[in-house]
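S.K.: Please find one structure pasted underneath; my questions will follow.
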Amino acid sequence: MAKLTFFGATQGVTGSAYLLETKTSRVLLECGLFQGRREEEKANREAFPFEVRTLNAVVLSHAHLDHSGRLPKLVTDGYGGPVFMTHPTGELLEVMLKDAASLQQRDVEWENKQRRRAGKAEIEPLYSMEDVDAALSLCEPGDYGQRRAIAEGVDVRFRDAGHILGSSIVEIFVTEDNVEKKLVFSGDLGNSCAALLRDPEVVEDADVLLLESTYGDRNHRPMDQTLEEFEAIVEKASANGGKILIPAFAVGRTQEIIFRLGELYQKGKLRHQAVYLDSPMAIAVTEIYHRYQHVYNSEDARAMRSGASSSLHRFLPILRYTTTTAESMALNKIAAGAIIIAGSGMCNGGRIRHHFKQNLWRNNAHVIFVGFQAQGTPGRALVDGAKTFRLGAEKIAVKARIHTLGGFSAHASQSQLLDWINNFKQPHPRLYLIHGEAETKITLQRHLDQAGWSAEIPDKGETISF
């Protein structure tokens, strides 16, 4: 019998990693970073709880670092086999892993200065840019719907998950003693109300199903209400002459916001002179999105179409890229009429902090949060009503108007998760809830029970057979 061991995203939403073992093969599904509190991130430096060199293949559902971010460490620790994912995921992976390596190098340099002064031993980054290049050299991307042999007796097929560009529902087919069993991993399922991407594909059969539960305890605010509020904020900022600052999540959320601003522009409701994308990483990701317009949903692709071609640039012609530090700083000279999208999404780094320094104290400025702000982050403090914002030793008065829009999530809501899973035919597969906080999973488990499902919540290190 095949075995599956849960090594991550069991007690929270990060560190995804699941080891599939058959009589002849060992396949790692996901290799994500643990993210959050410092205690949780310490797990990234620990040895993998399995023998790395005996793995035959690695499969990634998508490029977010909580699903892919330890891949370079896996290679450093001795893995040299293939890594399977979709083509867009392969391109996004390069951007995200190189950015992660750069940030780690910067953070380690800062910490080592303190360690030297304290007489402590210096530390190394989790991985280097060379480690990232080695990991990327192992990538073997493929297309949606293509069934591929990845190890002896193990095939994989990717279905569109609609979460970010290239995100996948992973179907793994295991053949032992001429009997085939099917494991389905939902990956991160997308919000069907989100822009650009298609709805998650329907899957109808499996022997074992791993279901994410990030928003298993709640539904998102209706998109029409979110867009009405978004339009009202933009109109108000136009009227009082203030800048709009939007902290950016580089993958997915930035591209959706650009599209939504494009909708306002096309309706004649965007009177700002320019929209500046002030994040080198988000710019690189947006260019990748341009190259994969064939995976957009038909409605949004049609809305963007201009003659024989379409793009976010054509849809929002006032979009400008600011790549260099000098170009970013030049935005200070613009007194009004600008919308600035800048990293990072939770305001704990990046150029958005520079723009906060120049604008948070202005009572005609607006800050729009379009993504989740984790407890303890600077963004969360602003959402919770902080009166000052600390930048180093300086405290900036918060006079700008702070807005939080709750409908732009890239994850499926509770009702969307239930709708998707109810496509599975009888008899239902064995169901395991992962990638969610404890209370969230318990809430979803209760709703699934009412819908005729029996869902289990695995512990870290737990092994099942099928």
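Laboratory data are not the source of any read-out in this text; all were calculated from the coordinates shown. Remember, predicted model here, so these are calculated numbers, not experimental data. Note that each Cβ is placed from the backbone with ideal geometry, even for glycine, and that neighbours are counted across all protein chains shown.
S.K.: Give the cross-link partners of residue 269 among the aspartates and glutamates, using a straight C-alpha distance below 17 Å as the criterion and excluding same-chain residues fewer than 8 apart.
M.R.: Reachable aspartates and glutamates: 224, 228, 229, 231, 235.
S.K.: Could you work out how far helix 253-266 tilts from the main Cα principal axis of the chain, as a 0 to 90 degree angle to the nearest 10?
M.R.: Helix 253-266 sits roughly 50 degrees off the main axis of the chain.
S.K.: Over the range 354-466, what portion of Cα pair distances is larger than 20 Å, expressed as a whole percent?
M.R.: Counting pairs separated by more than 20 Å, the tail of P(r) holds 59 percent.
S.K.: Ok, one more. Do you know the relative contact order of the chain, to the nearest whole percent, from alpha carbon pairs under 8 angstrom that are 6+ apart?
M.R.: 19 percent
S.K.: In percent, how large is the relative contact order of the range 313-393, given Cα pairs closer than 8 Å and 6 or more residues apart?
M.R.: 23 percent
S.K.: Over the range 419-466, what is the mean sequence separation of C-alpha contacts under 8 Å (at least six apart), divided by residue count, expressed as relative contact order in percent?
M.R.: The value is 39 percent.
S.K.: Given the convex hull over the Cα atoms of the range 227-338, what projected area results after averaging over all orientations, in nm²?
M.R.: 7.2 nm²
S.K.: Assuming R0 = 45 Å, what is the FRET efficiency of residue 450 and residue 326, from their Cβ-Cβ distance, to the nearest 0.05?
M.R.: So, using R0 = 45 Å, E works out to roughly 0.20.
S.K.: Can you bin the range 323-376 into rounded, prolate or oblate? Criterion: square roots of the alpha carbon gyration tensor eigenvalues sorted a ≥ b ≥ c, rounded for a/c under 1.5, prolate for a/b above b/c, oblate for the rest.
M.R.: oblate
S.K.: Net charge near residue 303, counting Lys/Arg +1 and Asp/Glu -1 over other residues with Cβ under 14 Å of its Cβ?
M.R.: Overall, the nearby charge balance is +1.
S.K.: Percent of Cα-Cα pairs more than 17 Å apart in the range 138-246, please.
M.R.: Tail of P(r) above 17 Å: 67 percent of Cα pairs.
S.K.: Could you tell me which of the pairs 181/460; 182/425; 243/399 are separated by over 20 angstrom between their Cα atoms in the structure shown?
M.R.: Cα-Cα > 20 Å for 181/460; rest within.
S.K.: For the chain, compute Rh as the Kirkwood radius over C-alpha pairs and then the Stokes-Einstein diffusion coefficient at 37 °C and 0.692 mPa s; write the answer in µm²/s, rounded to an integer.
M.R.: Estimated via Stokes-Einstein, D reaches 141 µm²/s.
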